[in-house]
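Working notes, structure below.
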Amino acid sequence: MPEMIALPATIEMEMKALVRDGHYANLNEAIKDAFRTLLNVRPELKTSAVIELYKEGEISIGKAAEMVGVSTIEFKDILVIRGIRREVGSRSKKELDEGVELINKLRK
């Protein structure tokens, strides 16, 4: 379930006024635009959010790099600069054996 947020009364009134004036279809659209604008103006916040998503395992390193707008290598460098260690998983012996078996079948 999405988390509900409460806007300060003045901001809510201003955003609703923009909706009534036709700038946005609804309050949600106005809030989305405000948030996108914030992340464009403060790219370090976007990077921090993406790093959190990556650390929590919600996105891959490739997706994280794409979201920040850098190469995978550059994103790895950002992680190093911020003191974040990457955990690199490995496959089990069974998974590796199954992969080898599949490759051998495909070669035949």
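Which ones in segment 40-66 are surrounded by 15 or more Cβ atoms within 10 Å (Cβ to Cβ) and over 16 Å from residue 76 (Cβ atoms)?
Listed by number, the list holds a single entry, 46.
Of everything in segment 3-15, what is over 14 Å from residue 33 (Cβ atoms) and assigned to a helix (DSSP H, G or I)? Give them in sequence order.
9, 10, 12, 13
Which one of these is modelled with pLDDT under 95, more than 19 Å from the chain's Cα centre (by Cα) and surrounded by 10 or more Cβ atoms within 10 Å (Cβ to Cβ): 98, 14?
Just one listed residue meets the conditions, 98.
Given the criteria surrounded by fewer than 10 Cβ atoms within 10 Å (Cβ to Cβ), on the phi > 0 side of the Ramachandran plot and more than 18 Å from the chain's Cα centre (by Cα), does residue 22 qualify?
yes
The values are calculated or read from the model by the stated rules, or taken from the named source; none is laboratory data. The shown structure was predicted, so the numbers you read here are calculated from the model rather than taken from an experiment. FYI the Cβ positions are ideal-geometry reconstructions off the backbone, even for glycines, and counts take in every protein chain you see.
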